Amino acid sequence: MTEAGSATIESLSGDRPSRRPLEIFAAIFVAAGLIYSFHLGTDALGASEAYSAWAAAKPGVSAIVRTPVLHDPGKQVFYYVVLHYYTQIFGLSEISLRSMSVIFSLATLALVFALGCEMFDDNTALAAAAMWAFNPLAVVFAHTARMYPMLIAIALAHLLTLLKVRSRPAVMGAVGCGILGAAMPYTHMAGLLILGAEAAILLRDLSRGRRDTVAWMAIILAGVLFVPYLPVAIRQSQDLIYGHSLDYLGQPYNYPLAGKLAAGLVAVGVTSWLVFGRAVERDGDEPIRVLVAWIGLPALAFIVGSVILHPMFNPRYLSPGIAASSLLIAAVIGAWSAKWRNLLAAGFVAACLIMIPFARSKPQPWRDLAGQVTAGGASEPVFFESGFVTNESTANVPNGGFPFGYYSVPFDYYFKGSNPRIVIPGFDAAAARMTIEERVSSAGGGWLVSWKDSNAVNSELPDPKRFRVVEKLRGDDLTFYRITPAGRGGPLHPQR
């Protein structure tokens, strides 16, 4: 065979994955689909999943848009809107709600493989896809009716289209890339940090004489499309300072000024090296540096922001980078040894398959709670605390968070009885206690669903001399009490 002919065949084979890696990926894809779909409806929805169902059940897009603004600051609307139309077709059961996450999780798997082929080669892509497919975190995301599988899929699709228009400029590609880029912060505010990391990647190209005009158009378009929602995001951020410890900003750490300055200088140094540092890769596109920046800069922003401002780091917010990390690991090890890369991928898959049964999320108790209230009688009220789900230091700060009670949404998903639902102010223990005592005395019994710990909730529990309080369940950020007037049997003090 001539040298030219050999080069032509090599070029053509490099344009698409060869048949064997595609066949293996197809098998991985099918196996992952089976695992992701297993027992979707077995466990009750968690509180956040119930909020997804509640938002999706709104009558239209305008009502969905108002949901995070009025009731749950910080949540973005795109996932709720998509879930709304999805559940209109498939219903609001646990299986239906979670099945959309399965679809986005499988799309993520395909995108990891496609990114590997775009940035490296089909064998690296296959190893990365295998490592992510059976990662327990990927399985947990697929089994959860929340926005994170969508965020991961959109972010990886955006990165893939950005790389394509970076290397093969096309105006229509830029438009699609810009739309995907705007969809990220409309799904989760962490998407803004990803856009910032991509701007840093393009800035490095610019510093090395590569203009990337079409790619810059895509990033700018993404920002322009998000501008209409910016006032809403700013309004929400003003409320988040109160805490809501389940998801959002907490109380600031008391780090010394010198420590904050050091954290800021480290962030500036790392960012400067990624943008302006000396090239260390033979490939002019620097795919490994691109991945390091895309994964690392958002994580660095969360970490440094937690030191300087408020604690804001949560691994879920970095879920797109975690998925892309499988590609980075496969590429780095493959650059050293393809054999060790393949062995690592096989070993990691085996370890993940062993770990998956133990990585299952803790079952939620809402079905059991609904059953207990049903057995207690239809006249007994159920009390829910309004306000943000905060830590103890901010529990008494007046605020308008969750005016109907944070836990009323998951409770009502499973409980369809006529029992009165009574909202008590979670930030005013005296008023909450008075309301509980009055309503329980009148009805002859009642129930309290609280997000507070035992020390914080004691101040709103009724007088133990006149009421019997029994703790029926205690979990993470959830306590369930049965409250009856004294004289109905049993001791007069709270039972633990």
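Just a few scattered comments:
- Matching entry among PRO311, PRO357, PRO363, PRO320 (being surrounded by 14 or more Cβ atoms within 10 Å (Cβ to Cβ), modelled with pLDDT under 90 and either more than 30 Å from ASP477 (Cα to Cα) or not β-branched (Val, Ile, Thr) (or both)): PRO311
- The set of residues in the stretch 254-294 being surrounded by fewer than 17 Cβ atoms within 10 Å (Cβ to Cβ), of a type outside the set (A, V, I, L, M, F, W, C) and in a helix (DSSP H, G or I) consists of GLY259, LYS260, GLY264, GLY269, SER272.
- Only a single item in (1) outside any helix (DSSP H, G or I); (2) touching a helix residue (DSSP H, G or I) at 6+ places or on another chain (Cβ under 9 Å); (3) among the charged types (D, E, K, R) is not met by LYS465, and it is number (2).
- Leading residue by the ranking (nearest to ILE152 (Cα to Cα)) among those in the stretch 101-119 that are open to solvent by 30 Å² or more (accessible area, probe 1.4 Å) and more than 19 Å from the chain's Cα centre (by Cα): ALA110
- ARG98 being open to solvent by less than 20 Å² (accessible area, probe 1.4 Å) and out of contact with any helix residue (DSSP H, G or I) (no Cβ under 6 Å at 6 or more places or on another chain): yes
- Some residue of the stretch 383-391 being at pLDDT below 90, surrounded by fewer than 18 Cβ atoms within 10 Å (Cβ to Cβ), in contact with a helix residue (DSSP H, G or I) (Cβ under 6 Å, 6 or more places away or on another chain) and more than 20 Å from VAL470 (Cα to Cα): no
- Residue match in the stretch 323-340 (condition: at pLDDT 90 or above, open to solvent by 40 Å² or more (accessible area, probe 1.4 Å) and under 22 Å from ARG210 (Cβ atoms)): no
- Within the stretch 366-374, one or more residues are among the basic types (Lys, Arg), modelled with pLDDT of 90 or more and surrounded by 14 or more Cβ atoms within 10 Å (Cβ to Cβ).
- Residue satisfying condition, being of a type in the set (Gly, Ala, Ser) and under 30 Å from ALA53 (Cβ atoms), within set ALA129, ALA174, ALA218, ALA155: ALA155
- Test set (1) in contact (Cβ under 8 Å) with a residue 60 or more places away in the chain; (2) within 22 Å of LEU328 (Cα to Cα); (3) out of contact with any Lys or Arg (no Cβ under 8 Å at 6 or more places or on another chain) - MET189 fails condition number: (2)
- Just one of (1) open to solvent by less than 10 Å² (accessible area, probe 1.4 Å); (2) among the hydrophobic types (A, V, I, L, M, F, W, C); (3) in a helix (DSSP H, G or I) fails for ILE154. It is (1).
- Restricting the stretch 215-231 to residues that are modelled with pLDDT of 95 or more and open to solvent by less than 30 Å² (accessible area, probe 1.4 Å) leaves a set whose member that is farthest from the chain's Cα centre (by Cα) is ALA215.
- ALA378 falls short on exactly one of the conditions (1) over 30 Å from ILE194 (Cα atoms); (2) assigned to a helix (DSSP H, G or I); (3) not hydroxyl-bearing (Ser, Thr, Tyr), and that condition is (2).
- Helices (runs of 4 or more DSSP H) completely within the stretch 1-112 that count 1 or more residues being charged (D, E, K, R) and modelled with pLDDT of 95 or more: none
- Selection status of ARG166, within 20 Å of ILE356 (Cα to Cα), in contact with a helix residue (DSSP H, G or I) (Cβ under 7 Å, 6 or more places away or on another chain) and open to solvent by 10 Å² or more (accessible area, probe 1.4 Å): no
- When ASP212 is tested against (1) modelled with pLDDT of 90 or more; (2) charged (D, E, K, R); (3) on the phi < 0 side of the Ramachandran plot, only condition (3) is not met.
- Test: ALA27 is open to solvent by less than 50 Å² (accessible area, probe 1.4 Å) and not aromatic (Phe, Trp, Tyr): no
- Here is the figure for the stretch 165-205: residues that are within 17 Å of TRP294 (Cα to Cα) and not small (Gly, Ala, Ser) total 18.
- Checking each residue in the stretch 436-470 for being open to solvent by 10 Å² or more (accessible area, probe 1.4 Å) and over 36 Å from the mean Cα position of the chain (by Cα) picks out GLU437, GLU438, ARG439, SER441, SER442, ALA443, ASP463, PRO464, LYS465, ARG466, ARG468.
The values are calculated or read from the model by the stated rules, or taken from the named source; none is laboratory data. Bear in mind the structure is a predicted one, so any value in this text is a computation, not a measurement. Heads up, the Cβs are rebuilt from the backbone with ideal geometry, glycines too, and the neighbour counts pull from every protein chain shown. For the accessible areas, the whole protein counts, side chains as well, though only heavy atoms, and no ligand, DNA or RNA atoms are used. Shrake-Rupley method; radii C 1.70, N 1.55, O 1.52, S 1.80 Å.
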